[in-house]
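J.: This is the structure I want to talk about, given as structure tokens.
No lab work stands behind these numbers, since they all come straight from the coordinates. Note that the structure is predicted; figures quoted are calculated from it, not measured.
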């Protein structure tokens, strides 16, 4: 599929956007946080892990004709 064409309306009038999105915490990381919280030293490690930002940069293409947005 051509990234320069809208998959919905097949128009080539698109614009690219780069945005920061927050990453979700996975199940294994939550389990690790719980195990660390149970131990004494875990409290010292747990707080910085929970406070840190989890961002990732994502680029989207937006069709200027129909408004459809898809990830590149």
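J.: Cα atoms only: what Rg and Dmax, in Å, come out for the chain?
T.: So, for the chain, Rg and Dmax equal 19.8, 59 Å respectively.
J.: What percent does the relative contact order of the chain come to when contacts are Cα pairs within less than 8 Å and at least six residues apart?
T.: 42 percent
J.: Further question on the same structure: If the chain between residue 70 and residue 5 were fully stretched, how many nm would it gain, using 0.36 nm times the residue separation less the Cα-Cα distance?
T.: Net length gain for the segment: 22.3 nm.
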